[in-house]
Amino acid sequence: MTNSPFKIHAPARVCLFGEHSDYIGLDVIPAAIDLGIDIFACPREDDLIVVDYLDLGTHDEFTIGTLLEYRHNRDYLRSAFNVAFDNDLIPDHGWHIEVKGDVPIAGGLSSSSALTVASTLLVNHICGSKPQQEDLVRMAFEAEVERFGESGGMMDHYASIYGGIIHVSMESDRKVTRLPAEIDGLVIGDSQQKKDTVEDLRKMRKAIEAGYAHIRSKIPDFNRRTTLVERVYDIHCALPDSEVMMAEGSLRNRNLTARALDLLSERHPDEKAIGNLLNKQHSILRYLFARSTPKIDMMIDSALKAGALGCKINGSGGGGTMLAYAPNKEEEVSEAIRSAGGIPYKVKIGQGASLAIIEKIS
């Protein structure tokens, strides 16, 4: 086990293609970005874990070697310790931990998953464990989603741990493929409209699954991964139900993601084609999923007029942030987002979660 101070960085992510897909078993293309969560850790001589959440101004401490009670739902750092405890991973001394980040909270950029990934990497390191990336994904997913009975999928954990742009096949044997595309000109716009991501995902998942059940009653051989969207569209026209509409949206998203995979498998993909697919995805999220808001749409309209090639809302929707793809137009688009009432962040594709030994916590 280690006795040296260290720093962990876990990136946030954008879902380029496949919003609302991973948790229903459909493929996704997320990308890590250069915003995220940092954890600094310094050894103590006692058996206490002392945690200071610098951005929130809150404090926590607990004793090592016990199964911890949660102070509240989504107590992700404690949950990471509990997952480790159940895997017989226990530190041999205490640590002082500081947590801070630069990613908008509740903005659809997966700040909670970045925190959970960082916490999972932290507890494995101080216990002397060096798990493979797939094992880190499993542990982080358990700490964030399964321990609290939430409805999210594993996309966020894959994106934060692997970094870069990846395609994740959500079939039973999940496969991660690194994509070579070099993407520049990404601008995040924070609407400052916060939302309850966990509850939104629960409702969305329930509605889409109900839509699939309606479709299956009309198409007995329905398969979410292979059934043609045209067959579902005919059912939607005959049965204009919001759940069927969202189920149809998921299949249209599926098809867009497949087309995007072909584009992003090139090192220098067609920029206009990527922008066009992003715009189509936002239309699905706006009209079939009803996840956009007037302010988000205003920010998107402003960004497109300023030169962005494509835009979409991020995450579960209903507020939060939007993404503009604006190669060589980052400044103009940032100012347009600001003028529309948002806070712009120019971002780049980020590396995966990392750990570095440091001399001390500054």
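The values are calculated or read from the model by the stated rules, or taken from the named source; none is laboratory data. This is a predicted model, so every value here is computed, not measured. Counting neighbours? That spans all protein chains shown, and the Cβs are built from the backbone with ideal geometry, glycine included.
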Could you pull out every one of the strands (runs of 3 or more DSSP E) wholly within the range 150-247 that has 1 or more residues that are of a type in the set (D, E, K, R) and in contact with a helix residue (DSSP H, G or I) (Cβ under 9 Å, 6 or more places away or on another chain)? 175-178, 186-193
Filter result for Ile313 (within 15 Å of Gly341 (Cα to Cα), at pLDDT 95 or above and either among the β-branched types (Val, Ile, Thr) or out of contact with any Cys (no Cβ under 7 Å at 6 or more places or on another chain) (or both)): no
Counting only residues that are outside any loop (DSSP other than H, G, I, E, B) and either β-branched (Val, Ile, Thr) or closer than 28 Å to Asn124 by Cα (or both), how many does the range 5-32 have? 18
Within the range 289-303, how many residues are surrounded by fewer than 19 Cβ atoms within 10 Å (Cβ to Cβ) and among the hydrophobic types (A, V, I, L, M, F, W, C)? 2
Got at least one residue in the range 132-145 being over 19 Å from the mean Cα position of the chain (by Cα), closer than 16 Å to Ser21 by Cα and not in a helix (DSSP H, G or I)? no
Going through Ala324, Ala308 one at a time, which residue ends up being in a strand (DSSP E or B), of a type outside the set (Val, Ile, Thr) and touching a residue at least 24 places away in the same chain (Cβ under 8 Å)? Ala324
So for the range 19-36 (the condition being closer than 30 Å to Tyr345 by Cα, modelled with pLDDT of 95 or more, in contact with a Phe, Trp or Tyr (Cβ under 9 Å, 6 or more places away or on another chain) and surrounded by fewer than 17 Cβ atoms within 10 Å (Cβ to Cβ)), does at least one residue qualify? no
May I ask you to say which residue of Val198, Val168, Val137 is outside the structural domain of Tyr23 (by TED's automatic domain parsing), of a type in the set (A, V, I, L, M) and within 25 Å of Gly107 (Cα to Cα)? Val198
